[in-house]
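The values are calculated or read from the model by the stated rules, or taken from the named source; none is laboratory data. Just so it is clear, the structure is predicted and the values come from calculations on it, not from any experiment. Every residue, glycine as well, gets a Cβ built from its backbone with ideal geometry; the counts of neighbours run over all protein chains shown.
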Amino acid sequence: MSEAITFSEYGAPEVLQLSEVTPPEPGPGQVRIRVRAASVNPLDLKIRSGLMAAVAPASFPVVPGLDAAGVVDAVGERAGAAVGDEVLGSTTGGSYAEYALLDRPVAKPPALSWEAAASLVTVGRTAHRVLDQLGVEQGQTLLVHGAGGSVGVLAVQLAVARGVTVVGTAGEHDLERVTALGATAVRYGDGWVERVRAAAPQGVDAVLDASGAGVLADSVALVGDADHVLTIADRAAARYGVRFSAGTSGQGEESVPELVHLAAEGRLTVPIWRTYPLAQAAQAHADLEAHRNRGKAVLLP
């Protein structure tokens with residue numbers, strides 16, 4: 001037996017319990033890892049609370065978690081890694097556990113910490129996907145709402161690396177960090193449109209909303225075309241003719257090796273806010289729901 005976090009009903013963070021489970025066995029193409037780090041993503045909170053039940057109803061008990069990094073300890077037929085390899089990836093069956101399954105393991109470079117390796121996958125894939133969907137190119141100007149958040153931080157860095165001029169809205173506490181990533185940081189809140197226009201007198205070509213802070217109407221007016229505004233956080237998108245990008249299971253997996261390479265070379269940074277023992281998963285969820293975090297929260301089984 002091994003330990004994992006499970007929940008058997010939707011609800012507040014307290015439904016997360018440390019449980020004894022049977023370690024999963026890898027099937028064809030899969031590897032099992034001894035988890036060294038598992039990231040906590042906003043989607044985990046939505047699944048636990050029941051907000052995703054209409055789209056993907058849970059089969060209880062659930063082991064939550066999307067991403068993990070660890071050491072391969074068992075392999076299925078035609079697996080993409082060998083016992084003893086250090087790998088990362090999206091899990092099948094949950095990552096808040098001592099053992100987890102990966103369908104597409106990606107080698108973890110020695111230069112990449114366990115915490116960063118576990119934190120890179122979902123937010124990195126999302127950032128990569130939405131930039132491709134927006135079609136921003138070198139020489140254009142991109143506005144990122146929520147540039148200090150987990151997806152926003154990576155979207156800023158990837159866009160800057162592509163030669164895009166980036167303006168990022170963020171809270172007062174994140175302005176310095178957003179500037180350090182190569183963007184022009186603008187304080188969000190009342191008057192943000194005027195501040196963005198002052199920061200980008202050449203105009204804005206596209207907008208990524210990673211904040212869900214009710215900015216879509218003004219963003220469309222700023223760009224002049226709803227087709228060049230995309231959100232990953234505002235469910236009212238259709239009201240403004242804006243695309244909502246939710247992604248699908250496995251989408252963007254091909255971008256993970258590139259993201260890992262950039263991170264290992266120091267050209268892509270994943271801010272880690274805090275680590276927690278596995279047993280404190282409920283506290284990690286509570287901290288994220290209260291917006292206390294300034295970067296990724298990571299569980300260390």
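General remarks:
- Counting the residues of segment 53-74 that are touching a residue at least 12 places away in the same chain (Cβ under 8 Å) and either within 25 Å of ALA111 (Cβ to Cβ) or surrounded by fewer than 16 Cβ atoms within 10 Å (Cβ to Cβ) (or both) gives 12.
- Evaluation of ILE33 against (1) assigned to a loop (DSSP other than H, G, I, E, B); (2) closer than 14 Å to SER95 by Cα (one fails), failing number: (1)
- Of the residues contained in segment 38-50, none is found to be part of a loop (DSSP other than H, G, I, E, B), of a type in the set (Gly, Ala, Ser) and over 24 Å from GLN280 (Cβ atoms).
- Pairs are defined by a Cβ separation below 9 Å, a sequence spacing of at least 6 or placement on different chains, a first member in segment 276-301 that is over 24 Å from VAL153 (Cα atoms) and assigned to a helix (DSSP H, G or I), and a second member that is at pLDDT 95 or above and of a type in the set (Val, Ile, Thr); the pairs so defined are LEU278/ILE5; LEU278/VAL35; ALA279/ILE5; ALA282/ILE5; ALA282/VAL15.
- Members of segment 151-174 found to be touching a residue at least 24 places away in the same chain (Cβ under 8 Å) and among the hydrophobic types (A, V, I, L, M, F, W, C), listed by number: VAL151, VAL153, LEU154, ALA155, VAL156, LEU158, ALA159, ALA161, VAL164, VAL166, VAL167, ALA170
- Exclusive hit being of a type in the set (Gly, Ala, Ser) and assigned to a loop (DSSP other than H, G, I, E, B), set GLY152, GLY124, GLY148: GLY148
- Qualifying residue in segment 238-251 (condition: surrounded by fewer than 18 Cβ atoms within 10 Å (Cβ to Cβ), farther than 17 Å from VAL130 by Cα and in contact (Cβ under 8 Å) with a residue 40 or more places away in the chain): no
- Verdict on GLY182 being at pLDDT 95 or above, not polar (S, T, N, Q) and not in a helix (DSSP H, G or I): yes
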